[in-house]
Structures are given as C-alpha cells and as structure tokens.
Amino acid sequence: MVDKTLSADEVTREEAAEQLRALADELEGEGEATIRTGNKTVDLRPSELIAYEVGVRERSSILRGNRETVTIKLDWKPPDVSEKSAEAEVE
C-alpha cells in the first residue's frame, strides 16, 4: 500500500527556510517525527540512518526563461516494532 501526501505552495525565502528548519527539528529528535504538509500532519518513524539526496537542476528556456530547482529526498525504513520491543526489554 502506498499513501502519498503532497502539497505545493509558493512561499517567501524566509517561509521556505522556516519550513525546512521545522522539518530538521522533527528529524533531530527521537521517536516519531510529525511532518506538516499542506493542511495535514503525518506522523513518521525515521530510523537512525537516513538516505539523503540533493539534486539541483538549472534550465534555460527561451519561452519560459531561466529556472532553478532543488529537490531534497529523505528515505528510510521505519524501525520494526518488534525491534523497539526488544530494545525496551534490554534496557
């Protein structure tokens, strides 16, 4: 099953930076990370190791003008619930 939530908006540079900081703060903590996308919040369970990818694309078009795009992709496998139970028993 794939459940995809996507939101797109036009924001100021400051607002974009604030949203990235909020995401970073959620990832930096322990346990679940609550991510806001559009009018929805999603609770995620990031693992200790996260695949991190940054792509930059620069385009020049006579009709549309110049355009720059930065894509950031974070990917992880959530910790298995049974692994968390085993860790709790060890402590």
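The values are calculated or read from the model by the stated rules, or taken from the named source; none is laboratory data. Note that the coordinates shown come from a computational prediction; the quantities given were computed from them, not determined experimentally. When the accessible area is computed, the model is the full protein with side chains, heavy atoms only, and any ligands, DNA or RNA have been set aside. Shrake-Rupley method; radii C 1.70, N 1.55, O 1.52, S 1.80 Å.
Just the number, please: carbon plus sulfur as a percent of the accessible area of the chain, 1.4 Å probe, no ligands or DNA/RNA counted.
Numbers: 4220 of 8800 Å².
So the carbon and sulfur contribution to the accessible surface is 48 percent.
Between the helical axis of 13-28 and the dominant principal axis of the chain, each derived from Cα atoms, what acute angle in degrees is found, rounded to the nearest 10?
20
Note the count of lysine pairs whose C-alpha atoms are less than 21 angstrom apart in the chain, limited to pairs 8 or more residues apart or on different chains. Intermediate values should be presented prior to the final figure.
Working: Lys4/Lys40; Lys4/Lys73; Lys4/Lys77; Lys40/Lys73.
For the chain, qualifying lysine pairs total 4.
For the chain, what is the accessible area per residue in Å², given a 1.4 Å probe and the full set of protein chains?
Values: 8800 Å² over 91 residues.
I get 97 Å² per residue for the chain.
Under 5 Å between amide hydrogens, which residues at least 5 positions from Arg45 or on another chain qualify, with H placed 1.01 Å from N in the peptide plane?
The answer is Ala33.
Quickly estimate the mean residue ellipticity at 222 nm for the chain, helices only: each DSSP H run with n ≥ 4 gives -39500 (n - 2.57), and the total goes over all residues, rounded to 500.
Details: 2 runs with 26 residues, N = 91.
-9000 deg cm²/dmol, from helical runs alone.
How large is ³J(HN,Hα), in whole Hz, for each residue of the range 53-62 in order, when computed from phi with the Karplus curve 6.51 cos²θ - 1.76 cosθ + 1.60 and θ = phi - 60°, using x for Gly and Pro?
10, 10, x, 10, 10, 10, 10, 10, 9, 5
Spelling out what I want: for every residue of the range 32-49, take phi, set θ = phi - 60°, compute 6.51 cos²θ - 1.76 cosθ + 1.60 (Karplus), and round to whole Hz; glycine and proline get x.
5, 10, 9, 10, 9, 9, x, 9, 10, 10, 10, 8, 10, 10, x, 7, 5, 9
May I ask for the angle, rounded to the nearest 10°, between helix 81-90 and the longest principal axis of the chain, with both axes built from Cα atoms and the value confined to 0 to 90°?
Here the helix axis deviates by roughly 50 degrees.
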